[in-house]
Amino acid sequence: MTYAIAAALQKAVFERLASDATIVGLVDDAVYDAIPHGMVRGTYVALGPEDVRDASDDTGYGAWHELVVSVVTDEAGFAIAKQVATAVSDALVDAPLTLERGALVALNFFRARARRVQDADVRRIDLRFRARVQDS
C-alpha cells in the first residue's frame, strides 16, 4: 500500500475545482482546501475527508482514494447547491489530472448526500468520488 500520492491528488483536485470556469462563475473564488475561520456566507466548495485503501498488485503500488468534496450554501432551498454540485461532478469525473507524483488511473463519482444542516439555515451536499492512483 502507498499513501504517497495523497498530497499530489489533493493538490490536483483543488486546482481543478478552483480553475473550472463553471465553478468560478457560480462561487467566485470560494473553493477551499481549508475553510476560513468564522462563518462563511454564501455558497462555497470545500475539500473534505478522505479514506484510502490499498490497490497494489504485481504491477506496482497503488491505492483507491475515496474523497469528499462538499458544497455548502446559506441560499434558500437546494437549487443553487445542486447546480454547484453538478459543476463539481462535471469538473472531476474522468478529469485528466496531472499529479506531481504517480498517476491517476480513474476518477469516478461514487455517491452524494444532500441535507439541511441542523440548527442552521444551511444546505450541504457531500459528494464522494473514488480515485484510483498508482505510484510511478
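The values are calculated or read from the model by the stated rules, or taken from the named source; none is laboratory data. Note that the structure is a prediction, hence the values are computed from the model and not measured. Note: ideal-geometry Cβ built from the backbone for every residue, glycine included; neighbour counts use all protein chains shown.
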> So which residues in the stretch 43-59 are surrounded by 12 or more Cβ atoms within 10 Å (Cβ to Cβ) and modelled with pLDDT under 95, if there are any at all?
Replying inline: Asp54, Ala55, Ser56
> Of these, Ala103, Ala55, Ala63, Ala46, which one is farther than 15 Å from Ile23 by Cα, of a type in the set (A, V, I, L, M) and free of Cβ contacts under 8 Å to residues at least 40 places away in the same chain?
Replying inline: Ala103
> Filter the stretch 73-98 for residues that are out of contact with any Lys or Arg (no Cβ under 7 Å at 6 or more places or on another chain), surrounded by 14 or more Cβ atoms within 10 Å (Cβ to Cβ) and among the small types (Gly, Ala, Ser); which is farthest from Ala112 (Cα to Cα)?
Replying inline: Ala87
> Is it fair to say Val24 is touching a helix residue (DSSP H, G or I) at 6+ places or on another chain (Cβ under 8 Å) and either under 11 Å from Ala131 (Cβ atoms) or modelled with pLDDT under 95 (or both)?
Replying inline: no
> Can you tell which of Ala12, Ala7, Ala18 is under 22 Å from Ser56 (Cα atoms) and either surrounded by fewer than 19 Cβ atoms within 10 Å (Cβ to Cβ) or of a type in the set (Val, Ile, Thr) (or both)?
Replying inline: Ala7
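Each row is one residue, and each column tells you yes or no for (1) touching a helix residue (DSSP H, G or I) at 6+ places or on another chain (Cβ under 7 Å); (2) closer than 14 Å to Arg132 by Cα; (3) of a type in the set (Gly, Ala, Ser).
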{"position": "Phe14", "(1), (2), (3)": "no, no, no"}
{"position": "Asp20", "(1), (2), (3)": "yes, no, no"}
{"position": "Gly48", "(1), (2), (3)": "no, no, yes"}
{"position": "Ala63", "(1), (2), (3)": "no, yes, yes"}
{"position": "Glu66", "(1), (2), (3)": "no, yes, no"}
{"position": "Gly77", "(1), (2), (3)": "no, no, yes"}
{"position": "Val88", "(1), (2), (3)": "yes, no, no"}
>> Could you tell me how many of the residues in the stretch 108-133 are surrounded by fewer than 11 Cβ atoms within 10 Å (Cβ to Cβ) and in a strand (DSSP E or B)?
In response: 1
